[in-house]
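J.: Mind having a look at this structure? Questions to follow.
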Amino acid sequence: MLKICLFVSAIAVVFGKHITPCAQVDQFNDYSIVFFQKLIKVTGENLALSAYATGKLLSLIMLGARGETARQIKDALNLVGSDRDIKNWFRGLTLELNAAKNLTIDTAIKAYLAECVDLNADFENLATNYFDAGVENINFYDPEQTALKINNWVQNKTDNEINKIIDENNINALTRLIFINTLYFSGEFKYPFSISATEKADFFISKTESVKVDMMTISGYYLMSRHPDLGVSMIYIPFKNQRAKFLLIVPDAVEKAEYVQNNILTIWHNRNFTKRYVQVFLPRFKLASALLMKPILEKLGITRLFSKPDLNGISRDDIALSEVFQSAFIDVNEIGANAGPADTVPVEDVALTLPGPKIKPYVLKVNLPYLCSVLYDGLGASMIYIPYKNQRAKLFILIPDVIEKAEYVQNNIRTIWRNRNVTQKYVQVFLPRFRIVSDHSLKPLLETLGITRLFSQPDLSGISTDDIVASEVFQRAVIDVNELGTNAGAADAG
């Protein structure tokens, strides 16, 4: 019987709109929802899972696979673009998450290969430098010690919350390759719930059956999307790092829980979030999952990976993947998600009601089966327009969030621009004075754009009746930005 369905996607991309500079976003979002639905049908249990973490792992495997094996994975993930686009996308996301402030999103990946298997150096470089993944040869002939070593790694990656993901019975002398995937998330709510306001309340498993839970409550302005026709509400609870949000998807009645679960893709596509004054009632909960992913991946159409796969990009040896394991843990209390026990972390016990007018709030009680997700809106860069006196002209500035993202932003500037969502905001800008003088020979650039005939037997009869050819194209550009403007004269001239 379904009690609480948890869709925990520690995510840089999932459910984002205008958040990641890549055509992958909407496609990957849909995969994430389908992934959740398939998983629920296979397990039928309360669970913590990460579609992003699984998608990241499968993308790594896809880049080491060939032929039908790679095609099945790419189709299941709804990935678009070239292999280079995909690996650069995940590299950018990894850098973004590693640099996030007031937040920890750790999706660890580890490939364990039999000692007799030779790993391709290119795949090891791909795993390490683009997916932040580890690769290790291990002795599968000793299942007990191998399982112990893998479980110790998982325990370390989940801050000792998950002690066991694999059993010695999952390993034998014929095992050649397994992948382990873990998720650890920690973030404090922007507005913590009042610890003193938490009290026992009913959580309805069915119309007639309920259990007692610790019910937290808070009131304030939140982004909310109501759908009476679909029988569901959605609300964002922001974290201190405001790019991260806790999404709650709550049916209007316990009988609607299965309908919402089966139609979440339609519900999500019809979202319309607006700011609203809400009193939220949310149960504390703690959940750890250790999952065997093979049955779920086969439901997604990824079957070749486990039976006669072409993994020639990983190893030239004849290998097949035995299993994919995922562990995930989430603990939600008044402070946040995995942010420490509410009764031991020193925080000020905030008022029950956040600042706002004394109006009657919309009451949202999460006291029946629901879905939730941790979201991270990762763009990797900020954009700003600085207007000139002639307001049709603007100085456009594109700034990577961290220095490690500079190359990624440079290589993806077209998709960043296409996904821009510029709104007016009060900003304090720090901009260096600068002057740049550039002299360029444009012939090599024009040739890379396909303009080759201009420099070799061109038809320039519209310029001259003589037989001429362009030898070169030169360009000089000068820009001087100071307090007055661009090339606007000396700033100290007043």
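J.: Of these, ILE171, ILE138, ILE162, which one is over 22 Å from ALA328 (Cβ atoms), assigned by TED's automatic domain parsing to the domain that holds THR107 and touching a helix residue (DSSP H, G or I) at 6+ places or on another chain (Cβ under 7 Å)? Full working, then the answer.
T.: On the way: ILE171 fails: over 22 Å from ALA328 (Cβ atoms); ILE162 fails: over 22 Å from ALA328 (Cβ atoms).
On inspection, the qualifying residue turns out to be ILE138.
J.: Right, something else. So which residues in segment 276-328 are among the aliphatic types (A, V, I, L, M) and under 24 Å from VAL213 (Cβ atoms), if there are any at all? Show your work before the answer.
T.: Narrowing segment 276-328 to residues among the aliphatic types (A, V, I, L, M): 278, 280, 282, 287-288, 290-293, 296-297, 300, 302, 305, 311, 314, 319-321, 324, 328.
Scanning segment 276-328 gives VAL278, VAL280, LEU282, LEU287, ALA288, ALA290, ALA328.
J.: Restricting the search to segment 284-333, which residues are of a type in the set (Lys, Arg) and either under 26 Å from the mean Cα position of the chain (by Cα) or crowded, with 22+ Cβ neighbours inside 10 Å (or both)?
T.: So in segment 284-333, the residues of a type in the set (Lys, Arg) come out as 284, 286, 294, 299, 304, 308, 316.
Across segment 284-333, the qualifying residues are ARG284, LYS286, LYS294, LYS299.
J.: Under 6 Å by Cβ, and 6 or more places apart or on different chains, what pairs join a residue from segment 193-206 that is assigned by TED's automatic domain parsing to the domain that holds VAL280 and more than 12 Å from ASN333 (Cα to Cα) with one that is in a strand (DSSP E or B) and among the hydrophobic types (A, V, I, L, M, F, W, C)?
T.: Qualifying pairs under 6 Å: ALA201/MET215; PHE203/VAL211; PHE203/VAL213.
J.: All but one of (1) over 15 Å from LEU364 (Cα atoms); (2) surrounded by 15 or more Cβ atoms within 10 Å (Cβ to Cβ) hold for LYS212; state the number of the condition that does not hold.
T.: Unmet for LYS212, out of (1) over 15 Å from LEU364 (Cα atoms); (2) surrounded by 15 or more Cβ atoms within 10 Å (Cβ to Cβ): (2).
J.: Here is a follow-up. What tally of residues in segment 80-108 results from selecting those that are of a type in the set (A, V, I, L, M) and either surrounded by fewer than 17 Cβ atoms within 10 Å (Cβ to Cβ) or without any contact (Cβ under 8 Å) to a residue 24 or more places away in the chain (or both)? Spell out how you get there, then give the answer.
T.: Taking segment 80-108 first, the residues of a type in the set (A, V, I, L, M) are 80, 86, 93, 95, 97, 99-100, 103, 105, 108.
In the following step, the residues that additionally are either surrounded by fewer than 17 Cβ atoms within 10 Å (Cβ to Cβ) or without any contact (Cβ under 8 Å) to a residue 24 or more places away in the chain (or both) were identified as 80, 99.
Within segment 80-108, residues that are of a type in the set (A, V, I, L, M) and either surrounded by fewer than 17 Cβ atoms within 10 Å (Cβ to Cβ) or without any contact (Cβ under 8 Å) to a residue 24 or more places away in the chain (or both) number 2.
J.: Taking the criterion of being aromatic (Phe, Trp, Tyr), touching an Asp or Glu at 6+ places or on another chain (Cβ under 9 Å), in the same structural domain as ALA147 (by TED's automatic domain parsing) and touching a residue at least 60 places away in the same chain (Cβ under 8 Å), would at least one residue in segment 245-264 satisfy it? Steps first, answer last, please.
T.: Within segment 245-264, the subset aromatic (Phe, Trp, Tyr) is 246, 259.
Subset that is touching an Asp or Glu at 6+ places or on another chain (Cβ under 9 Å): none.
Looking for residues that are aromatic (Phe, Trp, Tyr), touching an Asp or Glu at 6+ places or on another chain (Cβ under 9 Å), in the same structural domain as ALA147 (by TED's automatic domain parsing) and touching a residue at least 60 places away in the same chain (Cβ under 8 Å), one finds none in segment 245-264, hence no.
J.: Okay, moving on. Can you give me the number of residues within segment 139-169 that are more than 29 Å from SER373 (Cβ to Cβ), surrounded by fewer than 18 Cβ atoms within 10 Å (Cβ to Cβ), in contact (Cβ under 8 Å) with a residue 12 or more places away in the chain and not hydroxyl-bearing (Ser, Thr, Tyr)? It would help to see each step written out before you state the result.
T.: First pass over segment 139-169, keeping only residues more than 29 Å from SER373 (Cβ to Cβ): 139-149, 152, 167-169.
Checking the rest, the ones that are also surrounded by fewer than 18 Cβ atoms within 10 Å (Cβ to Cβ) come to 139, 141-142, 144-145, 148-149, 152, 167-169.
With in contact (Cβ under 8 Å) with a residue 12 or more places away in the chain added as a condition, the list becomes 139, 141, 144, 167-169.
If we keep only those that are not hydroxyl-bearing (Ser, Thr, Tyr) as well, we get 139, 144, 167-169.
Of the residues in that region, 5 qualify.
J.: Mind checking which residues of segment 181-207 are at pLDDT below 90 and either closer than 30 Å to GLU124 by Cβ or surrounded by fewer than 16 Cβ atoms within 10 Å (Cβ to Cβ) (or both)?
T.: ASN181, THR182, LEU183, TYR184, PHE185, SER186, SER206, LYS207, listed by residue number.
J.: Inside segment 344-388, counting only strands (runs of 3 or more DSSP E) that do not spill past its ends, which hold 2 or more residues that are surrounded by fewer than 16 Cβ atoms within 10 Å (Cβ to Cβ) and at pLDDT below 55? Steps first, answer last, please.
T.: Working: elements: 362-365, 371-376, 381-387.
Counting at least 2 such residues, we get no strands (runs of 3 or more DSSP E) at all.
J.: Just one of SER82, SER50 is over 30 Å from PHE140 (Cβ atoms), at pLDDT below 90 and of a type in the set (Ser, Thr, Tyr); which is it?
T.: On the way: SER50 fails: over 30 Å from PHE140 (Cβ atoms).
Just a single option satisfies the conditions, and that option is SER82.
J.: What are the residue pairs meeting all of these: first residue in segment 439-467, first residue more than 27 Å from ILE479 (Cα to Cα), second residue of a type outside the set (D, E, K, R) and surrounded by 11 or more Cβ atoms within 10 Å (Cβ to Cβ), Cβ atoms under 6 Å, and 6 or more apart or on different chains?
T.: Pairs found: LEU454/ALA470; PHE455/ALA470; PRO458/VAL469; LEU460/ILE468.
J.: Could you run through segment 113-136 and say how many residues are without any contact (Cβ under 8 Å) to a residue 12 or more places away in the chain and within 19 Å of ASN181 (Cβ to Cβ)?
T.: Going residue by residue through segment 113-136, those that are without any contact (Cβ under 8 Å) to a residue 12 or more places away in the chain are 121, 124-125, 128.
From the residues that got through so far, the ones that are within 19 Å of ASN181 (Cβ to Cβ) too are 124, 128.
Of the residues in segment 113-136, 2 are without any contact (Cβ under 8 Å) to a residue 12 or more places away in the chain and within 19 Å of ASN181 (Cβ to Cβ).
J.: While we're here: Which one of these does ALA488 not meet: (1) surrounded by 12 or more Cβ atoms within 10 Å (Cβ to Cβ); (2) under 39 Å from the mean Cα position of the chain (by Cα); (3) modelled with pLDDT under 85?
T.: Result: ALA488 fails condition (2) only.
J.: Looking only at residues in segment 468-477 that are farther than 20 Å from SER438 by Cβ and touching a residue at least 12 places away in the same chain (Cβ under 8 Å), which one is surrounded by the most Cβ atoms within 10 Å (Cβ to Cβ)?
T.: So in segment 468-477, the residues farther than 20 Å from SER438 by Cβ come out as 468-471.
Narrowing the set further to residues that are touching a residue at least 12 places away in the same chain (Cβ under 8 Å) leaves 469-471.
Numbers: VAL469: 11, ALA470: 15, SER471: 7.
In this case the residue turns out to be ALA470.
J.: Scan segment 170-180 residue by residue and report those that are buried (at least 21 other Cβ atoms within 10 Å of the Cβ) and aliphatic (A, V, I, L, M).
T.: Listed by number, the residues that qualify are ILE171, LEU177, ILE178, ILE180.
J.: Suppose we filter THR107, THR128 for residues that are outside any helix (DSSP H, G or I) and not assigned by TED's automatic domain parsing to the domain that holds GLU407; which single one remains? Before you say what the answer is, go through the steps one by one.
T.: Numbers: THR128 fails: outside any helix (DSSP H, G or I).
When all the criteria are applied, what remains is THR107.
The values are calculated or read from the model by the stated rules, or taken from the named source; none is laboratory data. Since this is a predicted model, take the numbers as computed values, not measurements. Glycine also receives a Cβ, built like all others from the backbone with ideal geometry; neighbour counts cover every protein chain displayed.
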